[in-house]
1. Looking at (1) free of Cβ contacts under 8 Å to residues at least 24 places away in the same chain; (2) crowded, with 16+ Cβ neighbours inside 10 Å, can you tell me which one ALA236 breaks?
2. Select, from ALA151, ALA164, the only residue that is in contact (Cβ under 8 Å) with a residue 40 or more places away in the chain, within 29 Å of GLY282 (Cβ to Cβ) and either among the aromatic types (Phe, Trp, Tyr) or surrounded by 24 or more Cβ atoms within 10 Å (Cβ to Cβ) (or both).
3. Taking the condition at pLDDT 85 or above, surrounded by fewer than 24 Cβ atoms within 10 Å (Cβ to Cβ) and under 14 Å from the mean Cα position of the chain (by Cα), does LEU81 pass?
4. Quick check on the range 176-190: of everything there that is aliphatic (A, V, I, L, M) and crowded, with 23+ Cβ neighbours inside 10 Å, which residue is farthest from SER226 (Cα to Cα)?
5. Might you check whether a residue that is among the β-branched types (Val, Ile, Thr), touching a Phe, Trp or Tyr at 6+ places or on another chain (Cβ under 7 Å), farther than 19 Å from GLU266 by Cα and assigned to a helix (DSSP H, G or I) occurs anywhere in the range 51-71?
6. Of the conditions (1) under 24 Å from LEU150 (Cβ atoms); (2) among the aromatic types (Phe, Trp, Tyr); (3) not in a helix (DSSP H, G or I), TRP78 satisfies every one except a single condition; which number is it?
7. Kindly indicate the residue of the range 121-148 that is at pLDDT below 80, part of a helix (DSSP H, G or I) and not hydrophobic (A, V, I, L, M, F, W, C) and also surrounded by the fewest Cβ atoms within 10 Å (Cβ to Cβ) among those meeting that condition.
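The values are calculated or read from the model by the stated rules, or taken from the named source; none is laboratory data. No experiment lies behind these values; they were computed from the predicted model shown. Glycine gets a Cβ as well: all are built from the backbone with ideal geometry, and neighbour counts include every protein chain shown.
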Amino acid sequence: MRRVYAAALLTLMLWAATPIANKIAIASIDAATAGMLRSAIAGVVCAALAWWWKLPWPAEWPQRVWLLISSVASFAAWPLLLSMGLALTTASHAALLIATIPIFTGLMAAIVERTRPTLPWMLGVAIALAGTFALILVRTGGAPDTASSLAGDSVIFVGVIACAAGYVAGGRLAPTIGTVATTFWGLGIAALVLTPVIAARWPHTDWAAVGLGPWAAIGYMALFSSLVGYLAWFWALGRGGIARISAWQLGQPVLTVILAALVLGERLTVPLMVAGAAVIAGTALTQRRERR
């Protein structure tokens with residue numbers, strides 16, 4: 001299980017920096033376009049490699065449905081909605097909403113697999129959610145308490161639901177055709193879906209004014225957030241269990257808040273740090289049974 005936990009930790013670190021990179025990108029690039037470019041660029045590369053390497057394609061229709069759900073939800077809808085929401089709120093505030101992804105992932109997995117989450121998992125989730133709610137209540141990320149901020153939070157929350165559904169679908173499919181095939185074909189399908197939308201949104205950005213920083217941020221999201229991150233995540237989900245591994249993502253908002261303070265200058269206060277400690281403690285508790 002050490003390799004599974006290492007893959008989950010790697011993904012955690014890569015995705016923690018994603019809202020920061022996204023904020024940098026949308027400073028010069030239309031938010032919807034920036035979110036879609038992340039998956040489209042990675043998807044073109046992945047589709048070509050999947051065809052060249054002759055990666056397995058789902059043989060049965062139920063498996064193809066899992067692939068379609070994973071592709072549209074995780075690789076298309078989630079990056080798009082996250083980027084659009086970040087245009088209206090802060091990276092720190094978005095991180096608080098991202099903290100709920102493991103909750104919905106675990107609940108969806110329990111429904112699909114017809115299982116009941118264990119008591120340690122539920123207790124750990126409760127503690128982590130308490131920390132998350134505390135973070136939201138103190139509102140120290142700098143997000144104004146306005147209709148615009150609320151709209152941004154709502155858009156990201158819808159993306160969270162889509163992301164959780166994609167995780168479950170990807171985790172269900174990965175043991176059948178492999179993690180690489182699940183990720184590469186999923187990104188390829190997402191690129192096919194997103195390309196016409198990107199073309200329609202292209203005039204909304206003054207591309208001559210886009211500097212090196214935003215392009216580097218897009219490159220980071222395409223290579224590390226989308227490609228490397230999803231490869232490691234689906235591999236961990238497929239081998240470590242969806243409900244158990246998804247709980248690791250509860251620690252991601254803490255890292256994001258710290259990065260937002262260091263890179264974007266968003267406020268980092270004592271209440272924020274205390275609530276973040278609760279998130280980490282809850283995540284650790286969800287792993288207690290497995291360590292035993």
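1. Result: ALA236 fails condition (1) only.
2. On inspection, the qualifying residue turns out to be ALA164.
3. For LEU81, the condition - at pLDDT 85 or above, surrounded by fewer than 24 Cβ atoms within 10 Å (Cβ to Cβ) and under 14 Å from the mean Cα position of the chain (by Cα) - is met.
4. Only one residue fits best here, namely ALA190.
5. No, the conditions are met nowhere in the range 51-71.
6. Result: TRP78 fails condition (3) only.
7. Across the range 121-148, the extreme among qualifying residues is SER148.
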